[in-house]
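*Asks:* Dropping the structure in here first, questions after.
The values are calculated or read from the model by the stated rules, or taken from the named source; none is laboratory data. Bear in mind the structure is a predicted one, so any value in this text is a computation, not a measurement. When we count neighbours, we look across all protein chains shown, and the Cβ atoms used for this are built from the backbone with ideal geometry, even at glycine.
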Amino acid sequence: MKTSLPAPMTAALEPVRARLLRAAEADAAAMLATADKDAATILRQAEAQAADLLAEARERGAADAEAVRRAAHVRARRTARARELAARRECWEELRRQVIRGVEALRTTEGYPRIEAGLTARAHRLLGPRARISPAPGGGVLAEDETRRVDLSLTQCARRALDGAGPEVEELWTP
Amino acid sequence: MGGTTDTAPGTGRILRVAGPLVEAGEVGGTAMHDLVALGPDGLPGEIVGIRDSVVTVQAYEYTGGLAPGMPVRPLGRPLSAPLGPGLLGGIHDGLLRPLSAAGDWLVPGALDGHADGERVAREFVPLVEEGETVEPGAVLGEIRGVGPLTLRVLVPPGCAGPVRGLVPPGRHDEDAVLATVADTPVRMTGQWPVRTPRPVRARLDTVRPLHTGQRVIDLLFPVALGSTVAVPGGFGTGKTVLLQQIAKWCDADVIVYVGCGERGNEMADLIEEFGALTDPRTGGRLVERTVIVANTSNMPMMAREASIHTGITVAEYFRDMGLDVVVIADSTSRWAEALREFASRTGALPAEEGYPAGLASAVAAFYERAGAVTTLGGHSGSVTVIGAVSPPGGDMAEPVTAHTQRFVRCLWTLDRDLAYARHYPAVSWAGSFSRDAGTLTAGHAAGDDPELPARRARVAGLLAEAGRLADLVDLLGITALPDQERVSVLGGRLVREGLLQQSALSEQDAYSAPEKTAALAEAVLAVVDRCRELVASGVPAARVEEIDFSPVLRAREEAGPHDAETVERLRATMLDRLREVP
Amino acid sequence: MNAVVEYTSVRELRGPLAVVDRVEGVGWDEFVRFTPESGGERHGLVLEVDRGTAVVQVLEDTAGLDPARLRAAFTGTPLRVPVGPGWLGRICNGRGEPLDGGPPVFGTTTSAVSGDPVNPVRREPPAEPVLTGISAIDALTTVVRGQKLPVFSAAGLPHLELAAQIAAQSTAGGQPFCVVFAAMGVTHADAAFVRDALEERSASGELVLLLNTADDPVIERVLTPRIALTVAERLAFFEGRHVLVVMADMTSYAEALREVSAARGEIPARRAYPGYLYSDLASLYERCGRVRGLPGSVTVLPVLTMPAGDITHPVPDLTGYITEGQVVLSRTLHARGVYPPVDALSSLSRMMRKGAGPGRTREDHLDVAAQLLAALARARQVRELADLVGQSALTATDRAYLDFDDAFGRELVDQRRDEARTLEETLERAWRVLLTLPRGQLSMLPARFLDARLPQDGR
């Protein structure tokens, strides 16, 4: 921009202009330097934060992976245990079935009348001589009086014997 | 007791079983409070009701499996305590059967039918002559070698006449008949029905103190020999520790410790500790002057009733020999629970909180058996009863606590706030009293300790004053009080921490003899006096409060049980320190 | 055998009670099996026998039963359960029936569930610790083998989690150890949580789990702890293991007892609980301890919730009278996010001296604990003062106590639900917390311990 000042005045203002210019340049340089520094700091902080986040994410990822692994392990163990218990139960129930069938089969054997007589005697011992005895369907006897009842059917006898089996049963699944 | 056969004479049949309540019929020759043997194992029970031909029995063991039709054999005598030298140093169940005779677990019938422990022979020395005429309660002879005590064999109450068949001096079985008086055999171990108080010639008027060795009691709420005390406290207030301390260190001749419905581990601890500790007065082991009756909370409930009565009967037995006996019952509330449980099964109408209407009279009758007496034989003896009470939820108005307070002469209330602040023994000075204090204090004043009344009054006064100011301090802060009152607050703290606190675990301070108690009290009072003088002379109270009082606070730990000298030395140190102020 | 004979003379059913007439030779407290014609077995206990009549309490209640179509078999003895190591690793309901798909538990023998009291002269005083891996407990309220130590909690606090964590983590110095966990009146969600939390222990064969849920018959709940203790006693005194029995929660148990008592028409006592509540609880809790000459021990950890946080309520009150201390949980700490929210100043283990310290855990353990508690008490006073006069009026020492208090909660008490800390770690944390205070305030610690950790000129 051109001023309308006379030439000698313009010359006199030259050093002032130069100084102001230098000062302005210095200010600008300073501001640029600060801006650079700030930018560098911000950049460093951002990098550090990014690194932290990354590390945290990795840790969490590892922890999650560990948790997932553990959970899978736990599930597998649970499944295995459940299978084992179910297998034992099946064993037990199969034993029960076989025993009961076996005892019920005595109905058709030669020795059955003696068994029936023995059960009848037992019924009388439990309920007295006036007990009413009748044959149980499937073998064995039922007895009753006015207030009591005794089930000496073959099935029930087998069941009661199984209930009292106790620790020997565990040998089914003990190696 | 032995099993029960169907054919023994008078054997009846069970008609009804409802827990500890058993009804039986056709039982021959029975009277109220007679013992019967129930069922094939002969479980012990006591007849508590007779109507027409049916007796109501309170069973003392678990009745699982008892069925109508099973035999009931009358034993022809009431529940009695075997009273003899075998009691001391032993641990028994509520029916006084020695627990050493049973195995690891107390199954029903475990304690019956066998010989009571080993038959021990004792050294007997007769003190009368064959043919000499004796009166009830007279001393027939002495039993020696039972720990540090010399026990006496007495002519039973109601027996008088010439002595016949007197055995010579020497070792005799605990069961042996030592003589016959008026056709009654007198055994070394006799039997006495536990519900019947043993007779005495007269109650004594003179009052002597029981020293417990616990300062807060001996100084502020002392108890006389033959008196009665209730100790109510919620859980965590240190009730059992306090009672065990008294059992260890009080100066009675015999302790009867009844563990009534409380913890098994505590009984085990007691047995172990008493077996290890030495009685400072006799040099023997503490257990040798102690009879322990253990009926823990999961042992048969009705046996708690028995334990209370057998305990007091044993105490009367030793009293009659001219000894001072203390009965400690921990805890009477469990006995009351048993009373309530049985009463409810009989269908009796309940009174307050489900307790039977007879609760108050049952409690009264128990405490009535305490007393300082002249025995039938002319000796002086006493039974002091200390009963713990466990108020549910700390409610002091509940029936057992309320009734008990009416019948006892002293009350040592244990305070939860004190316990919470770890101040032990947690005896509340505001909530306790001693009706013996007046007479005992006067007695000391006239005799061995003329300063006692003043000392006691000053200590009590300081505590009361500090207590009164405590609320103000909480609200306004200590700086709001005038200087002399700040000294009162300080004085209260010195009394509590330097005098009243006493650690049961401390070798030096578990027990405090009268001379140590007096010296400590005087030391604290002198220090407080000096502080008052300082403040009166212009020293600011804040300055006084900052002083390190550890010489007088540590004195109780540094001085042994009898060591008044060390206390006085520390007092002098403290007073010197105060002289240097400002 | 008696159980063969069934009576058809059931005269009357009312509420949970069945009256059977014309019986002979039936004993009190006998276990009874009921078979309705329509199927579905039920069970009972003889409450009373009067001449020929037996009054039986039916565990599953009598709803849906017809007396004319009902048979009652008296087994001739009070209830017995199989006992033995077969229980380990199993999960069952409150009556001991399998929930894990396996066969019924077979024991090596049977025992009566009511148990017999240990002869007091045969008891061995408790002496060695059970380390729970929970810093707040191991440091300050050490549990001792043979002790009974309850957890006092309130609704909404994580007591079940804490109980499960203790059950999962506890050890007995490398000696054979196992846990019997009896859950009473729990929701299905809580039951599932406990199963999961204890799975590892179960898989190692160190756990017996009995689950009685809130919708199971109430009377059954009364049996559950008894079965648990009977199983535990066998594992301890005959198999030589150290057994920790956790019972959660006893308030549900007491409520079941109250319901049963009311149904029986018994006269209620305080807060409508039966008058025998004390003795009933004692009959459970007292089944702990050590027996002279026998290896093994039973340690009992009952968990209870105080209704409205009221410690004078009969369940915590009577429990406190029977047990040997208590671990108290605090709402305030819980609100601050601290887990486990143990209120150290209100908690106490009366047996700690027996199980901790020189020769037991570590030389400095008892002193550290005493100093921590003393400092906590002081810190509490400082907090109250600060509330009154403001923090700015506090001295530097006072402020140090506030810092200490924070460090205590953060460094020592707070820990993860899956974190088991060794005693070493716990005590080292305790020291770190204590050293936030100036040396002059640590007057309860012997000089030699302080010297070992601090430079001679103090801090």
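*Asks:* Considering only residues that are of a type in the set (D, E, K, R) and either under 20 Å from C:Glu24 (Cα atoms) or within 13 Å of chain C (Cβ to nearest Cβ) (or both), which ones fall in the stretch B:57-78? Break it down stepwise before answering.
*Replies:* Residues of the stretch B:57-78 of a type in the set (D, E, K, R): B:61, B:73, B:77.
B:Glu61, the sole residue that qualifies.
*Asks:* Another question, if that's okay. Tally up the residues in the stretch C:264-273 that are more than 9 Å from chain B (Cβ to nearest Cβ) and either in a loop (DSSP other than H, G, I, E, B) or surrounded by 19 or more Cβ atoms within 10 Å (Cβ to Cβ) (or both), please.
*Replies:* Of the residues in that region, 3 qualify.
*Asks:* I would also like to ask the following. Please note which strands (runs of 3 or more DSSP E) are completely contained in the stretch A:73-175 and include at least 3 residues that are within 11 Å of chain C (Cβ to nearest Cβ) and of a type outside the set (Gly, Ala, Ser).
*Replies:* Working: elements: A:132-135, A:140-144, A:148-153.
Of the strands (runs of 3 or more DSSP E) lying wholly inside the stretch A:73-175, those with at least 3 residues that are within 11 Å of chain C (Cβ to nearest Cβ) and of a type outside the set (Gly, Ala, Ser) span A:148-153.
*Asks:* Go through (1) in contact with a helix residue (DSSP H, G or I) (Cβ under 7 Å, 6 or more places away or on another chain); (2) exposed (fewer than 10 other Cβ atoms within 10 Å of the Cβ) and name the single condition A:Ala7 misses.
*Replies:* Checking A:Ala7 against (1) in contact with a helix residue (DSSP H, G or I) (Cβ under 7 Å, 6 or more places away or on another chain); (2) exposed (fewer than 10 other Cβ atoms within 10 Å of the Cβ), the one that fails is (1).
*Asks:* Listed residues C:Leu244, C:Leu210; which is modelled with pLDDT of 95 or more and in contact with a Gly (Cβ under 8 Å, 6 or more places away or on another chain)? I'd like the intermediate steps shown before the answer.
*Replies:* On the way: C:Leu244 fails: in contact with a Gly (Cβ under 8 Å, 6 or more places away or on another chain).
After applying the criteria, what remains is C:Leu210.
*Asks:* Taking the stretch B:352-375, which residues are within 18 Å of B:Asp205 (Cβ to Cβ) and either within 14 Å of chain C (Cβ to nearest Cβ) or not polar (S, T, N, Q) (or both)?
*Replies:* B:Glu368, B:Ala370, B:Gly371, B:Ala372, B:Val373
*Asks:* Just checking, how many residues over the stretch B:8-56 are within 14 Å of another protein chain (Cβ to nearest Cβ), assigned to a loop (DSSP other than H, G, I, E, B) and either polar (S, T, N, Q) or within 33 Å of the chain's Cα centre (by Cα) (or both)?
*Replies:* As a first pass, look at the stretch B:8-56 and keep what is within 14 Å of another protein chain (Cβ to nearest Cβ): B:12-26, B:38-41, B:43, B:45, B:53-54, B:56.
From the residues that got through so far, the ones that are assigned to a loop (DSSP other than H, G, I, E, B) too are B:19-20, B:26, B:39-41, B:53.
Filter once more, so that each one left must be either polar (S, T, N, Q) or within 33 Å of the chain's Cα centre (by Cα) (or both): B:19-20, B:53.
Going through the stretch B:8-56 one residue at a time, the tally reaches 3.
*Asks:* Identify, please: which residue in the stretch C:274-292 is within 7 Å of another protein chain (Cβ to nearest Cβ) and over 22 Å from C:His242 (Cα atoms) and is, among those, surrounded by the fewest Cβ atoms within 10 Å (Cβ to Cβ)?
*Replies:* Among those residues, the one meeting the criterion is C:Tyr276.
*Asks:* Among the listed residues B:Gly358, B:Gly378, B:Gly393, which satisfies the condition of being surrounded by fewer than 21 Cβ atoms within 10 Å (Cβ to Cβ) and touching a His at 6+ places or on another chain (Cβ under 8 Å)? So that I can check it myself, show each step before the final result.
*Replies:* Working: B:Gly358 fails: touching a His at 6+ places or on another chain (Cβ under 8 Å); B:Gly378 fails: touching a His at 6+ places or on another chain (Cβ under 8 Å).
Unique residue meeting the criteria: B:Gly393.
*Asks:* Just to be sure I understand the filter: pairs with C-beta atoms under 7 Å, separated by 6 or more residues or on different chains, first member in the stretch B:428-440 and part of a strand (DSSP E or B), second member at pLDDT 95 or above. Which pairs pass?
*Replies:* Correct list of pairs: B:Phe433/B:Phe221; B:Phe433/B:Cys410; B:Phe433/B:Leu411; B:Ser434/B:Phe221; B:Ser434/B:Pro222; B:Ser434/B:Val223; B:Ser434/B:Cys410.
*Asks:* Sticking with this structure for a sec: Checking B:Arg422 against (1) on the phi < 0 side of the Ramachandran plot; (2) assigned to a loop (DSSP other than H, G, I, E, B); (3) modelled with pLDDT under 95, which test does it fail?
*Replies:* Condition not satisfied by B:Arg422: (1).
*Asks:* Please list, ordered by residue number, the strands (runs of 3 or more DSSP E) wholly in the stretch C:98-202 having 2 or more residues that are away from chain A (no Cβ under 14 Å) and under 20 Å from C:Met250 (Cβ atoms). First the steps, then the outcome.
*Replies:* Numbers: elements: C:109-112, C:151-153, C:177-186.
The qualifying strands (runs of 3 or more DSSP E) are C:151-153, C:177-186.
*Asks:* Scanning the stretch C:67-82 for residues that are within 14 Å of chain B (Cβ to nearest Cβ) and surrounded by 22 or more Cβ atoms within 10 Å (Cβ to Cβ), which turns out nearest to the chain's Cα centre (by Cα)?
*Replies:* Taking the stretch C:67-82 as the starting set, the residues that turn out to be within 14 Å of chain B (Cβ to nearest Cβ) are C:74-80.
Okay, now just the ones that are also surrounded by 22 or more Cβ atoms within 10 Å (Cβ to Cβ), so C:74, C:79.
Working: C:Phe74: 33, C:Leu79: 23 Å.
Among residues in the stretch C:67-82 that are within 14 Å of chain B (Cβ to nearest Cβ) and surrounded by 22 or more Cβ atoms within 10 Å (Cβ to Cβ), the one nearest to the chain's Cα centre (by Cα) is C:Leu79.
*Asks:* Does any residue of the stretch C:346-355 turn out to be away from chain B (no Cβ under 12 Å), more than 27 Å from C:Ala379 (Cα to Cα) and not small (Gly, Ala, Ser)?
*Replies:* Scanning the stretch C:346-355, I find no residue that is away from chain B (no Cβ under 12 Å), more than 27 Å from C:Ala379 (Cα to Cα) and not small (Gly, Ala, Ser), so the answer is no.
*Asks:* Can you confirm whether C:Ala379 is assigned to a helix (DSSP H, G or I) and over 29 Å from C:Gly156 (Cβ atoms)?
*Replies:* On the way: assigned to a helix (DSSP H, G or I): yes; over 29 Å from C:Gly156 (Cβ atoms): no.
No.
*Asks:* If you don't mind, there's one more thing I want to ask. Anything in the stretch C:267-301 that is within 19 Å of C:Ala183 (Cα to Cα), touching a Ser or Thr at 6+ places or on another chain (Cβ under 8 Å) and among the hydroxyl-bearing types (Ser, Thr, Tyr)? List them, or say none.
*Replies:* Matches in the stretch C:267-301: C:Ser283, C:Tyr285.
*Asks:* Of the conditions (1) touching a residue at least 40 places away in the same chain (Cβ under 8 Å); (2) within 14 Å of chain A (Cβ to nearest Cβ), C:Ala236 satisfies every one except a single condition; which number is it?
*Replies:* Tallying (1) touching a residue at least 40 places away in the same chain (Cβ under 8 Å); (2) within 14 Å of chain A (Cβ to nearest Cβ), C:Ala236 fails exactly one: (2).
*Asks:* I've got another one for you. Can you find a residue in the stretch C:404-426 that is assigned to a helix (DSSP H, G or I) and modelled with pLDDT under 90? Break it down into steps so the answer makes sense when it comes.
*Replies:* Our first condition is that a residue be assigned to a helix (DSSP H, G or I); within the stretch C:404-426, this holds for C:404-413, C:423-426.
Keeping just the survivors that are modelled with pLDDT under 90 gives none.
No: zero hits.
*Asks:* Next up: Given the options B:Thr375, B:Thr310, name the one that is under 29 Å from B:Val55 (Cβ atoms) and either polar (S, T, N, Q) or in contact with a Phe, Trp or Tyr (Cβ under 6 Å, 6 or more places away or on another chain) (or both).
*Replies:* On the way: B:Thr375 fails: under 29 Å from B:Val55 (Cβ atoms).
Answer to the check: B:Thr310.
*Asks:* When the residues of the stretch B:246-260 are filtered to those that are in a loop (DSSP other than H, G, I, E, B) and either among the aromatic types (Phe, Trp, Tyr) or under 15 Å from B:Pro148 (Cβ atoms) (or both), which remaining residue is farthest from the other protein chains (Cβ to nearest Cβ)?
*Replies:* Applying the first criterion (in a loop (DSSP other than H, G, I, E, B)) to the stretch B:246-260 yields B:250-253.
In the following step, the residues that additionally are either among the aromatic types (Phe, Trp, Tyr) or under 15 Å from B:Pro148 (Cβ atoms) (or both) were identified as B:251-253.
Working: B:Asp251: 27, B:Ala252: 23, B:Asp253: 24 Å.
Once the filter is applied, the top-ranked residue is B:Asp251.
*Asks:* Considering each of C:Pro307, C:Pro295 in turn, give the residue that is under 28 Å from C:Val118 (Cα atoms), surrounded by fewer than 16 Cβ atoms within 10 Å (Cβ to Cβ), modelled with pLDDT under 95 and not charged (D, E, K, R). Steps first, please.
*Replies:* On the way: C:Pro307 fails: under 28 Å from C:Val118 (Cα atoms).
On inspection, the qualifying residue turns out to be C:Pro295.
*Asks:* Within the bounds of the stretch B:286-294, is there any residue that is part of a strand (DSSP E or B), touching a His at 6+ places or on another chain (Cβ under 9 Å) and at the interface with another protein chain (Cβ under 10 Å from one of its Cβ atoms)? Even if it seems obvious, please write down each step before you answer.
*Replies:* Of the stretch B:286-294, the ones part of a strand (DSSP E or B) are B:290-294.
In the following step, the residues that additionally are touching a His at 6+ places or on another chain (Cβ under 9 Å) were identified as B:291-294.
Okay, now just the ones that are also at the interface with another protein chain (Cβ under 10 Å from one of its Cβ atoms), so B:292, B:294.
The answer is yes; a qualifying residue exists.
*Asks:* May I ask you to list the residues in the stretch A:120-140 that are buried (at least 17 other Cβ atoms within 10 Å of the Cβ), within 26 Å of A:Glu94 (Cα to Cα) and either over 50 Å from the mean Cα position of the chain (by Cα) or not hydrophobic (A, V, I, L, M, F, W, C) (or both)?
*Replies:* A:Gly139, A:Gly140
*Asks:* While we're here: If only one of B:Arg304, B:Arg345 is basic (Lys, Arg) and more than 16 Å from the chain's Cα centre (by Cα), which one is it?
*Replies:* On inspection, the qualifying residue turns out to be B:Arg345.
*Asks:* Now for a different question. Looking at B:Ile312, is it touching a residue at least 12 places away in the same chain (Cβ under 8 Å) and within 22 Å of B:Glu368 (Cβ to Cβ)? Give the steps one after another, and end with the answer.
*Replies:* On the way: touching a residue at least 12 places away in the same chain (Cβ under 8 Å): yes; within 22 Å of B:Glu368 (Cβ to Cβ): yes.
Yes.
*Asks:* How many of the residues in the stretch B:314-327 are buried (at least 24 other Cβ atoms within 10 Å of the Cβ) and either of a type in the set (Val, Ile, Thr) or not in a helix (DSSP H, G or I) (or both)?
*Replies:* The total comes to 5.
*Asks:* Can I ask one more? Quick one: is C:Glu384 under 23 Å from C:Gln147 (Cα atoms) and acidic (Asp, Glu)? Step through it out loud before you land on a result.
*Replies:* Working: under 23 Å from C:Gln147 (Cα atoms): no; acidic (Asp, Glu): yes.
The answer is no for C:Glu384.
*Asks:* Is it true that C:Pro150 is closer than 23 Å to C:Ala282 by Cβ and surrounded by 24 or more Cβ atoms within 10 Å (Cβ to Cβ)? Steps first, please.
*Replies:* Working: closer than 23 Å to C:Ala282 by Cβ: yes; surrounded by 24 or more Cβ atoms within 10 Å (Cβ to Cβ): yes.
For C:Pro150, the condition - closer than 23 Å to C:Ala282 by Cβ and surrounded by 24 or more Cβ atoms within 10 Å (Cβ to Cβ) - is met.
*Asks:* Where in the stretch B:516-582 are there helices (runs of 4 or more DSSP H), lying fully within it, with 2 or more residues that are over 25 Å from B:Ala504 (Cβ atoms)?
*Replies:* Helices (runs of 4 or more DSSP H) meeting the threshold: B:541-545, B:564-579.
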